[in-house]
1. Which numbered condition in (1) more than 19 Å from I189 (Cα to Cα); (2) over 16 Å from the mean Cα position of the chain (by Cα); (3) β-branched (V, I, T); (4) at pLDDT 95 or above is the only one that V376 fails?
Amino acid sequence: MNIELNCKKSNQIAFKGFEARKLQAIVTNGCYGDKVLLKELEAIAKQNGILLLNTNKGRTPWAQDGTIISSDGRIFGEDLPQKVFRDLKGLDIQDDGLLFDKGGNYFQVKNKDGEKILLSGFYNQMFENSDECLNEDGLRHSEVITKKLFGCDRLVEIPQADFHIDLFLTPIGDNKILLCDDELTIEYIKLMINRAKAYILDESNDIDLRTKVEKVLERLEVLLQKFTLNLCFMRSKGVLEDFQKLSSLSDVEKALSDEGFEVIKVPGRIFNYVNNGERFSLNHDLNYSNAITFKNSNDETVIITNKSLLNQEMGITSEISEILGMDFEKMFLDSVKDYVKPENIFFLEGKSLPWGLRNLHGGLHCLSLEVPDFSV
């Protein structure tokens, strides 16, 4: 299957922003070889008139990190190592010899004033030492990349609160950006704990259900303690690699707010802070930020994100979720209900997605590359 993109007309196409936008295709590179996940993703794509193109080339599943599509339909990367666009015709394949391997560390968005903004994590090789010299037009290297390569007006560097910025923020269009808030996550866990305690203490409730809720309570309290300790450790150590100092989410919020973006805080991540022998990593038990977002035919935002196993591991069945009035999916739905319809949010699991988040640091956004509909 080939996708025909008319890039010759790209100079006449108004930039729509690379937050949630209308898509013509989603490209994947095998998705861990998870056929169940691919079927789930294909069903949602088909429902919304989007092509799912699974190239399944290369030894790694990543599609987002190896390549970027610019605002005018060009594609570039580090020699396109995975060749994920071999089957895409009509693209102007751009190879500027730039060192580039962090596609998850960029977002192309529009701010409230209509400026085309390139959000970039601080640790991108493209921008290292980028202001030391000027080109023949008198532009700094960072300006050349931002304006000529990405087609954006301005670069805004985002403090690095994880390995890539798509692990803690998600632009959803209309000048709005979802931002993970660890303290908000803790509040939701405490809410479930308090409601569990109240249910257990009420002797009028069914004894068998009270016993089940008591087991859930014990697991939630362990999770809360563990996540709190991981947060403390992260804040005291704060380094993922020798060169990469972790920033706080409040620093990220300030950077986005200073640019005029509406920041919507979400309980979007729960992680373990671990040493894997080479570097410290945030291994996610839950991450809703690493998501595919787009606009459907009704111009409504759709979010396809990662399912977590925490409901299952905590023993939160649908019955207990009703008792608590909350669970680990409901807390996310609750936090974005004023911005995204619940029926437009999908939690995908397949067979390996939660495992991939925990062990390979990559979720659905990392596994996919969105091809915007450049005709609108």
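The values are calculated or read from the model by the stated rules, or taken from the named source; none is laboratory data. Everything numeric here is computed off the predicted structure, so don't read it as measured data. No Cβ is skipped: glycine too gets one built from the backbone with ideal geometry, and neighbour counts run over all protein chains shown.
1. V376 satisfies every listed condition except (4).
Yes or no, residue by residue, for (1) farther than 22 Å from L249 by Cα; (2) in contact with a strand residue (DSSP E or B) (Cβ under 8 Å, 6 or more places away or on another chain):
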residue: I304; (1), (2): yes, yes
residue: L309; (1), (2): yes, yes
residue: L324; (1), (2): yes, no
residue: E329; (1), (2): no, yes
